[in-house]
Each structure stands twice: as structure tokens, then as C-alpha cells.
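Contents: one structure, followed by commentary.
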Amino acid sequence: MLRAGGKCSRPDCGRETFGPSEAQATKAIILGQAAHICSASPGGARYDLSQTDAERHSLENGLWLCENCASLIDKNKGVDFPVSLLKIWKKASEAAAQDRLFRLSESVRDNCVSSLIFMNIPRLHHLIALTKQPLELPTYFDDGIPGEGYIAPELNSLRRIIAQMRFPALQWQEAIKMFADPTGLVVSFEGRFRTRNGPKEARDRSERDISDIENAPQIYAKSGNIKFVMPYDPRFLTTATAGVEMRRGSTNVGGFASIKYREDDVVVASPFIIGLYSTPEARAFMNALVAHQRAGR
Ligand SMILES: [Zn+2]
């Protein structure tokens with residue numbers, strides 16, 4: 001069930017096999033079952049004499065299906081559904097489940113990329129190299145540091161590039177559940193974050209020691225007792241608005257980052273981009289700004 005991501009593994013079906021009960025708030029309904037690829041009992045569908053008992057009851061011999069499909073594959077002793085076919089279903093459904101999990105959250109891409117308030121150009125270059133993206137970041141910035149007066153057209157082309165990027169990224173909460181040591185993983189994040197040690201002035205983009213986790217400018221969130229901290233270098237804040245957002249106490253943001261290390265209940269990550277949830281007003285403002293700048297050239 002877990003490896004199939006909760007969906008029926010028959011490609012023509014794919015239905016969800018569990019969900020909350022409507023009548024009972026604490027109960028779940030499970031409509032799926034681990035069907036046997038080769039039957040566990042002699043005379044059953046696809047029974048394989050050469051299997052040991054352990055093999056018959058192993059995970060490899062199981063296929064997660066909804067109740068309908070589980071009974072379907074055993075009809076007529078399973079003649080219509082040979083072992084080779086069921087193994088393909090199993091492989092495909094596990095791969096699809098993995099794909100759903102390991103990808104840059106579409107909501108981050110759709111909602112946050114259009115209003116970037118932090119962009120770590122050197123780290124994006126690093127990510128592009130790692131993921132072999134056939135993309136080139138523009139080189140508008142000396143040493144990757146945005147200069148004074150840098151704004152809409154550059155931001156716009158960077159947003160377009162980032163929106164095209166495809167690489168696997170787990171949500172940070174999933175990553176820390178799945179890996180005891182999540183170091184090096186690219187994760188996405190979205191939601192309300194607390195801000196701390198942000199620049200005092202909106203325009204203050206001076207370099208800080210971001211390895212000093214107590215004093216570095218940072219945003220953080222919690223999941224259970226795990227604290228997810230992202231120290232950031234104010235030199236990569238994109239605009240004065242960004243400076244304001246990063247010192248207002250808390251802010252609704254999304255983006256992606258790579259995990260640097262975990263120490264007890266603290267997970268420290270380095271952000272590639274941080275964006276605000278975009279609103280129609282923010283998009284309209286940005287478009288007007290771009291048009292204004294173009295007209296001025
Ligand atoms: Zn089904």
C-alpha cells in the first residue's frame with residue numbers, strides 16, 4: 001500500500017484505496033488489499049510450485065490493488081493476468097508514486113516563482129550543474145550578487161528560467177520523515193515561516209555570517225518537534241519589499257532549498273529561492289513595473 005502511494009496498481013484503474021470515513025471523524029476507510037502475484041495456495045491463480053513459503057508472503061509477491069481489481073485478476077485462475085504483466089504494473093505504480101513524491105511542488109512553482117524575494121544565484125548555478133539542466137542563468141550580476149537598481153527585467157527572465165526547471169524535490173516535512181540523515185537533499189517548502197534577525201533596514205543587503213545559526217538572518221518553521229531553519233544572506237534579497245518581508249515577524253513563503261545538516265531536532269537548509277505567494281494584485285504590479293521599465297529604455 002505504501003509503496004504504491006495508496007492507489008490501485010492496475011493502470012486502467014488507479015483509484016484511491018483509502019481515505020477518511022465521513023461518519024466517523026477518527027476512522028479511515030481502506031478499499032484496497034495486497035493481492036498475491038502468485039497465489040499463496042496450491043490451485044490458486046498463478047500458483048508457482050518453485051516459490052518458497054517465505055517468497056509467497058514476501059513484499060515482492062504482493063501487488064496493491066483495489067477490491068475490484070484484486071478479484072478481477074484472480075478470475076479464471078488468473079489466465080488473463082500473467083505474472084509478467086502484474087510485475088510490470090507493480091513496477092510502474094511504484095515509479096509513479098515515487099514521481100508524485102519527488103518533484104518540485106507545482107504549487108511552489110505556480111504560486112511563488114512569480115514573486116521572488118530571495119534568489120541565490122551562485123547556488124542556483126550549482127543546482128543546475130548537479131541536475132544537468134540545459135539552461136543558462138543570465139549573468140547580469142557580478143559574482144552572482146545583485147547590484148543596486150537591479151529589478152524587473154532581470155527578475156522576469158530569472159523567473160521564466162526557474163519556472164522551466166525540472167528536478168526532484170521532496171517537501172521538507174517528507175524528507176525529514178523519510179531520511180534519518182537528509183543532508184544534501186533538495187526540498188521544497190511552503191507555508192507560514194517565522195522571521196528572525198532580518199535586516200533592520202529594508203535596503204540593508206550587507207553580507208552576514210550565515211553559518212552562525214544563532215545570529216544569522218533566518219526564517220524557520222516547525223513540524224512536530226523538528227525545527228526547519230533557513231539562514232539566508234541578505235545580499236540575495238531581490239528588492240526593498242523583500243527586506244520588509246524578512247523582518248516582519250512572520251511571512252507566507254514558498255521555494256526550495258538544499259539541506260545542509262541536521263543536528264538533533266534542528267534541520268538547517270540553504271535556500272535557492274524564496275517567493276511570496278503571488279496574488280493577482282502582485283502580478284499586476286509586477287507587469288506594470290516591467291512595462292514602465294521597458295518604456296523608459
Ligand atoms: Zn482497481
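See the values below:
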{"item": "Subset of the range 54-65 [surrounded by 15 or more Cβ atoms within 10 Å (Cβ to Cβ) and away from the ligand (no atom under 16 Å from the Cβ)]", "result": "Arg56, Asn61"}
{"item": "Conditions (1) more than 21 Å from Arg109 (Cβ to Cβ); (2) within 18 Å of the chain's Cα centre (by Cα); (3) in contact (Cβ under 8 Å) with a residue 40 or more places away in the chain: number failed by Lys177", "result": "(3)"}
{"item": "In the range 178-207, the residues that are β-branched (Val, Ile, Thr) and surrounded by 17 or more Cβ atoms within 10 Å (Cβ to Cβ)", "result": "Val186, Val187, Thr195"}
{"item": "Residue within the range 42-53 that is out of contact with any strand residue (DSSP E or B) (no Cβ under 8 Å at 6 or more places or on another chain), open to solvent by less than 90 Å² (accessible area, probe 1.4 Å), more than 16 Å from the ligand (Cβ to nearest atom) and among the aromatic types (Phe, Trp, Tyr) present", "result": "yes"}
{"item": "Criterion violated by Lys177 - all others in (1) part of a helix (DSSP H, G or I); (2) at pLDDT below 80 satisfied", "result": "(2)"}
{"item": "Strands (runs of 3 or more DSSP E) lying entirely in the range 180-268 (those with 2 or more residues that are under 22 Å from His125 (Cβ atoms) and among the small types (Gly, Ala, Ser))", "result": "250-263"}
{"item": "Total residues in the range 66-83, condition within 16 Å of the ligand (Cβ to nearest atom) and assigned to a helix (DSSP H, G or I)", "result": "8"}
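Yes/no per residue for (1) assigned by TED's automatic domain parsing to the domain that holds Ile162; (2) out of contact with any Ser or Thr (no Cβ under 9 Å at 6 or more places or on another chain); (3) at pLDDT below 90; (4) part of a helix (DSSP H, G or I):
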site	(1), (2), (3), (4)
Pro42	no, yes, no, no
Ala45	no, no, no, no
Trp64	no, no, no, no
Leu85	no, yes, no, yes
Asn111	yes, no, yes, yes
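The values are calculated or read from the model by the stated rules, or taken from the named source; none is laboratory data. Just so it is clear, the structure is predicted and the values come from calculations on it, not from any experiment. Note: ideal-geometry Cβ built from the backbone for every residue, glycine included; neighbour counts use all protein chains shown. To get the accessible areas, we keep the full protein, side chains included, count just its heavy atoms, and leave off ligands, DNA and RNA. Shrake-Rupley method; radii C 1.70, N 1.55, O 1.52, S 1.80 Å.
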